[in-house]
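S.K.: Sending over a structure as structure tokens; questions will come in a sec.
The values are calculated or read from the model by the stated rules, or taken from the named source; none is laboratory data. Note that this is a predicted model, so its numbers are computed, not measured. Reconstructed Cβ throughout: ideal geometry from the backbone, glycine too, with neighbour counts over all protein chains shown.
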């Protein structure tokens, strides 16, 4: 597999990186995927504990929407484990693009929550 190559991976080989977390409503994402398919692949990394399996890097809501839709495969880009600071920056940029109406104050609050999430001792950070 080449770096940054988009491939189809069976959903059963992908696991969440955010266990036991509360997520916002994924119904709009489910609806979009149902109508238009995946507009962007999710980013995954190789699961070091399970050969041939992957863990979500970025795209958790799209991953959960695919589960809700009962899809068999989804498009992914296999990447390296993300450093905490890079994951936060990418997540913040995705939020900014997706929710351009969010104020700077809201983004700062989300950043604090993201830092708390990524430093949670239950989360294994590579």
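S.K.: Among the numbered criteria (1) over 24 Å from residue 93 (Cβ atoms); (2) at pLDDT 90 or above, which single criterion is violated by residue 2?
M.R.: Going through the list (1) over 24 Å from residue 93 (Cβ atoms); (2) at pLDDT 90 or above, residue 2 breaks only (2).
S.K.: For the stretch 115-123, state whether one or more residues are outside any loop (DSSP other than H, G, I, E, B), surrounded by 16 or more Cβ atoms within 10 Å (Cβ to Cβ), at pLDDT 65 or above and touching a helix residue (DSSP H, G or I) at 6+ places or on another chain (Cβ under 8 Å).
M.R.: No, there is no match, as no residue in the stretch 115-123 is outside any loop (DSSP other than H, G, I, E, B), surrounded by 16 or more Cβ atoms within 10 Å (Cβ to Cβ), at pLDDT 65 or above and touching a helix residue (DSSP H, G or I) at 6+ places or on another chain (Cβ under 8 Å).
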